[in-house]
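One structure below.
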Amino acid sequence: MTVLKAAEIDRYIANPPEAGGVVLVFGPDTGLVAERATRLVTKASEGDSDPFNLIKIDASDISSDPNRLIDEVLTVPLFGGRRIVWVKDASGKNLNPAVEPVLKLDDWQTLVVLEAGDIKKGAGLRKLVETHKRAVALPCYADNDRGIDQLIDEETREAGLSITREARAALHSLLGGDRMASRGELKKLCLYALNKGRIETDDIEAIIGDASAFEMSELIDAAAGGDLAMLDHGLERLADAGSKASVIANQTLKHFQHLHRMRIDIDAGKPAQSVIDGQRPPIFFSRKPRFSQQLRIWSLKDLERAMGILSEATRVSRLNDALGVPVLSEALLTVGRAARARSQRR
C-alpha cells in the first residue's frame, strides 16, 4: 500500500518510476489535482516526442468499455519510448472493473494516471489503489499555510519579484481553497507588479481584491460576525460559482479555531489588541477590526460549540458532495444567527 504524504508527493512527481504502474491523483482541491496530474505526465514523458505514446481518455469511455484500458496498457509503442495512459474525470465513475485487470498483470511498462476528485476513504478507486503494491495514491487537499507560502515563493521567484511581509499575510487570507485559482491570482498579481520589483498590500487590493466579487474571507467574517444579509448573499454567490463546500467548511473551521486560540490568551489577561497584533503570520490590517468585533462576540464556550457544528459540516461535505452545500449553508446560518444574537445582547 502506497499513499504518499504531502512532503513526499513533489519528490515522487519529480522522479516518477520508470516501470509501469497505476497512479491515482485525487482530492477535494480539483485545481491541485489537475496541476499534479499534468506535472506527473509531463515529467514521465520527458524526452519522448512521439504523440502516440500519450493517450488521453475520458473516464466515461473506460466505464462503458472496461476492456479499453488494458488494451491501451498492453499496446507496444510503435517507435519505442514511454507509453502513458491518462484517464481524465474519474470521479463518480466505476472504473474498478477496468483497473483491476491491469493490477493483476505480472509486468507492464505503461504508466496509468487516473485523475479524480474527492473520493471517500475505503471506497471505489481509492480502496483499490491504496491496497496494491504497484499502485500509488496522491491525495490533494487545500493548501495549508506552508503550501501557500511555497506557492507564493514559486510565482514571485519566477517573476523576479520580492514581497513584503504584510502582503504575504494578506495573501494567506485570500488563497488556498483551490490551487489552480490561487496560482492564477498570483500570476495576475505578479504581472501587475512586474515593473515595481516588489509586491505590496496596495497591489493585492488592486488586483485580487477586484478579481472576485465575493471572497471566501468575507463569507467567513459574515458568519462569525452575525451579518446575516451578507451571509445569505455570499452563500448564493459561492453556490452559483460552483465553489467546493468542503473547502469553505474547512476554512471556516480553521478561522474559528484561530479565534479560539486568541480567546484563550485574552481570557488569560492579555489585551485583545496585543493578541491580534501578535499573530503569526500577521492578520491582514483590513481584517483586524473584524477580528476585534468577533472576539467581543464569542466566548470560549460558544466558540467550542461553533467548532463542533463546523467540524461536522466539514466531515459530511467531504463524504457527500450532494449534501455539501445544504449542510454548509445550515451550519453557517446557525453560527451566524448565534453571533447576531450575542452581538445584540452585548
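When the inverse distances between all different Cα atoms of the range 244-346 are averaged and flipped, the Kirkwood radius reads 14.3 angstrom. Going through (1) 19.5, 62; (2) 22.9, 76; (3) 20.1, 70, the figure that equals Rg and Dmax of the Cα atoms in Å as computed for the structure here is (2). Pairs from the table (121/188; 88/133; 244/288; 120/254) lying more than 32 angstrom apart at Cα are 121/188. Compared with the direct C-alpha span, the chain from residue 107 to residue 50 gains 18.2 nm at full extension, assuming 0.36 nm per residue.
Calculated on the Cα set of the range 142-212, radius of gyration then Dmax: 10.6, 31 Å.
If you plug the beta carbon distance of residue 343 and residue 304 into 1/(1 + (r/R0)^6) with R0 = 25 Å, you get a FRET efficiency near 0.85. Across the range 6-139, Cα-Cα distances exceeding 22 Å account for 29% of all pairs.
For the range 104-225, the average shadow cast by the Cα convex hull is 11.0 nm², which is a quarter of the hull's surface. Using just its DSSP H runs of length 4 or more, each adding -39500 (n - 2.57), the chain gives a mean residue ellipticity at 222 nm of -19000 deg cm²/dmol after division by all residues.
Cross-link reach is defined here as a Cα-Cα straight distance under 17 Å, omitting same-chain residues fewer than 8 places apart; for residue 43 the aspartates and glutamates meeting it are 8, 10, 18, 35, 115.
Which is the longest stretch in the chain that no exposed loop site breaks, taking sites as GluC sites (Glu not before Pro) with a DSSP loop state and at most 11 other Cβ atoms within 10 Å? If you can, show how the numbers build up before the last one.
On the way: sites that count: 18, 46.
Looking at the chain, 47-346 is the longest stretch - no exposed GluC sites (Glu not before Pro) with at most 11 other Cβ atoms within 10 Å.
Would you give the gap between the C-alpha center of the range 325-339 and the C-alpha center of the range 74-148, rounded to a whole Å? Answer, in whole Å: 37. Largest GNM mean-square fluctuation across 94, 15, 250, computed for the chain with C-alpha springs under 10 Å, falls on 15.
Any read-out appearing in this document is the output of simple, stated calculations on the displayed coordinates, not a laboratory observation. Being a predicted model, the structure only gives us computed values, none of them experimental. All Cβ positions, glycine included, derive from the backbone under ideal geometry; neighbour counts span all protein chains shown.
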